[in-house]
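Take a look at the structure below.
The values are calculated or read from the model by the stated rules, or taken from the named source; none is laboratory data. Small disclaimer: the values here were computed from a predicted structure and weren't measured. Glycine gets a Cβ as well: all are built from the backbone with ideal geometry, and neighbour counts include every protein chain shown. Quick note on the areas: whole protein, heavy atoms, side chains included, nothing else; ligands and nucleic acids left out. Shrake-Rupley method; radii C 1.70, N 1.55, O 1.52, S 1.80 Å.
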Amino acid sequence: MNSLEYIDRSVSLLINEYNDEIEMEIIKYQDHYKVVVTICQEDPPYKDFIGIGTDKMSARGAARKALRELYSIAYQK
């Protein structure tokens, strides 16, 4: 099996504590998980941020890494 072929894929939407809509895509490959999270707003204030995380063991670990990256970019202080 080619490592670029995914086994499973799901997309979900959630609203965070800043009232931003986050789209989370979880992709399961044969040997790892990859999660891509995005904030894209079509109305002012315009936001367009992305975070990507990978983990060999779990989707949760990959999601945690992706969200940490997204939050560091979108909500830096």
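For the range 12-46, which positions are crowded, with 16+ Cβ neighbours inside 10 Å and hydroxyl-bearing (Ser, Thr, Tyr)?
Tyr29, Tyr33, Thr38
Across the range 47-57, which residue is modelled with the highest pLDDT among those that are open to solvent by 80 Å² or more (accessible area, probe 1.4 Å) and part of a strand (DSSP E or B)?
Per the stated criteria, the residue is Ile50.
Within the set of pairs 6 or more residues apart or between chains, which connect a residue that is free of Cβ contacts under 8 Å to residues at least 24 places away in the same chain inside the range 35-54 to a residue that is among the polar types (S, T, N, Q) and open to solvent by less than 50 Å² (accessible area, probe 1.4 Å) with Cβ atoms less than 7 Å apart?
Partner pairs satisfying both residue conditions: Ile50/Thr38.
Residues of the range 58-77 being more than 21 Å from Tyr6 (Cβ to Cβ), open to solvent by less than 80 Å² (accessible area, probe 1.4 Å) and of a type outside the set (A, V, I, L, M), which ones?
Tyr71, Ser72, Tyr75
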